[in-house]
Amino acid sequence: MDAFITTARRCAARSWRSSLAAFVAVTACIAAPAPARAIPIFAQRYHLSCETCHSVLPELNAFGRRFREHGYVLPIPRHGTTLVALRYQLEFEQSPAAGSRRFTPAGVILSNALIGRISAFVHYNLGAGGGPGGLYLGYLAGYDAHTRTLYRAGLFELPLAQSPGQRLDDLAPYGYYGTHVGLDDLALSAPRWGVQLERRIGASRLDAVADLGEYKGSAYGGAPVPTGETTSAAAPEIALFARTPLTRELEIGASGIVGERRIAAAGKPAFDDGYRRYGALLRARHGPLRLQAEQWWGSDANADGFGTRLGSSGGYVRLKYYPTPHAYLGVRYDAAANPYVLRDMVYYAAFMVTPHARLILQSVRTIGPGPPGGFSAALTVGAPWPKNL
């Protein structure tokens, strides 16, 4: 905690594909990766530069993660700030799915306000690809420095190893995160309505979550997919996440989730499905290399309304290389079985083309049967941006 405060005070002082590839190559040659300067709310409030918390927009560095764990509050003087900010994204798909666009514009409005010691955070999507706008995240947070505990209440993401909505480092969902099992459509990636307690115990972190439901949609408000079922919580979902470092460069973690869904399929009586999800995590780093691997296992007691027990599993292995702090190259193997097996390889690169804009290039290669992969790209811009400090 003392090191975190000291750092804060120091910071307060300072073909389609061919054509696009050619454009990116030229851009990369004439403009080296620039430091990230994301949305201005926190940078203006504490007179920080945005690269204090961000590496490649909107990815957080170690300081940014600790800042988030403290409820976006620092023990240093505060200043006036922009009330809201816009994050705009334009995504390109070389081979869009039927009914989808080749270019998809999208955006989110972000806001944060301090009410005494309480921090209020809002992430509102503006809709994309024919989808409606709506609240994606909206919660109150408070941090108790004496017990090193963060409290959240409202609509928030589960504390997964990789943020599925706010800080996804590429354009493809991770392994098991988006998996539906039987008629249970509550994926790990869906934000939850509930309460969360996050506590530091030594160097370890423990998260406990109790929630009653989900947000159905994407971070940028994509069009909803009709399923013919209506689902809700039949009992509160309880989740525990633990992370502990073994060395400075090696971390392990474990997760467990239990809950029960009420599912009403069209023309059929409603039924309840009790489910469990368990996960294991490994993180390692060496110089500019970052390795992360996660595996999940699941079981549903009544996946179809006829008492059918259904197992599921999935995960990923990801390797990233940072040639500079503001650019990375990544490769990831994803797999999920629910019970049908889907596997793919994701190759991607991201860098800051300006201090306020990130470019991602991605190629997905499907292994075996499944939806075809392809090339995609996205430009993400944060505005308005802070003045040079």
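Modelled label positions at ARG102 and ALA223, each set 7 Å beyond Cα in the direction of Cβ, lie 1.8 nm from each other. Stretching the chain fully between ARG78 and THR308 yields a gain of 77.2 nm (0.36 nm per residue, less the alpha carbon separation). Between HIS356 and ARG37, the built amide H atoms are under 5 Å apart, and every one of these is 5 or more places off in sequence or on another chain. Residue order for TYR278, TYR340, TYR174, TYR136, fewest other beta carbons within 10 angstrom first, comes to TYR340, TYR278, TYR136, TYR174. Using θ = phi - 60° in the Karplus curve 6.51 cos²θ - 1.76 cosθ + 1.60, the 3J(HN,Hα) couplings for region 144-157 round to 9, 5, 5, 9, 6, 10, 9, 10, 10, 8, x, 9, 9, 7 Hz; x is entered for Gly and Pro. For region 265-389, the direction-averaged projected area of the alpha-carbon convex hull comes to 12.3 nm².
Exposure proxy ranking for ARG262, ARG343, ARG318, based on other Cβ atoms within 10 angstrom of each Cβ and starting from the fewest, stands as ARG262, ARG343, ARG318. Label-to-label distance, THR247 versus ALA120, with points set 7 angstrom from Cα along the beta-carbon direction: 4.7 nm. Averaging Cα coordinates gives a centre for region 218-269 and one for region 118-192; these two points are 11 Å apart.
Using the Cβ-Cβ distance between THR147 and ALA264 with R0 set to 45 Å, the FRET efficiency works out to roughly 0.60.
Here's how it looks for GLY107: its modeled amide H is under 5 Å from those of GLN89, LEU126, GLY127, which are all 5 or more places away or on a different chain. Along its three principal directions, the equivalent ellipsoid of the chain from the Cα gyration tensor extends over semi-axes of 32, 27, 21 Å, largest first. If you plug the beta carbon distance of ARG365 and ALA113 into 1/(1 + (r/R0)^6) with R0 = 51 Å, you get a FRET efficiency near 0.70. Fully extending the segment from ALA301 to THR324 would add 3.5 nm, taking 0.36 nm per residue of separation and subtracting the current Cα-Cα distance. For the listed peptides 186-197, 358-369, a ranking on the average number of other beta carbons within 10 Å per residue, highest first, reads 186-197, 358-369. The 3J(HN,Hα) values that the Karplus relation (6.51, -1.76, 1.60; θ = phi - 60°) gives for region 367-375 are, in residue order, 9, x, x, x, x, x, x, x, 9 Hz. Gly and Pro appear as x. Sum up the charges of everything whose Cβ sits under 9 Å from the Cβ of ALA234, counting Lys and Arg as +1 and Asp and Glu as -1, but leave ALA234 out. Around ALA234, the charge tally is -1.
Our estimate of slack between SER95 and ALA62, defined as 0.36 nm per intervening residue step minus the Cα-Cα distance, is 8.3 nm. Remark: region 283-292, residue by residue, has Karplus-estimated 3J(HN,Hα) of 10, 8, 9, 8, x, x, 9, 10, 10, 9 Hz, where x stands for each Gly or Pro and the curve is 6.51 cos²θ - 1.76 cosθ + 1.60 at θ = phi - 60°.
Each value in this text was obtained by applying a stated rule to the coordinates, not by laboratory testing. The model shown is predicted, which means the values in this text are computed figures rather than measured ones. Virtual Cβ from ideal backbone geometry, glycine too; neighbours counted across all protein chains shown.
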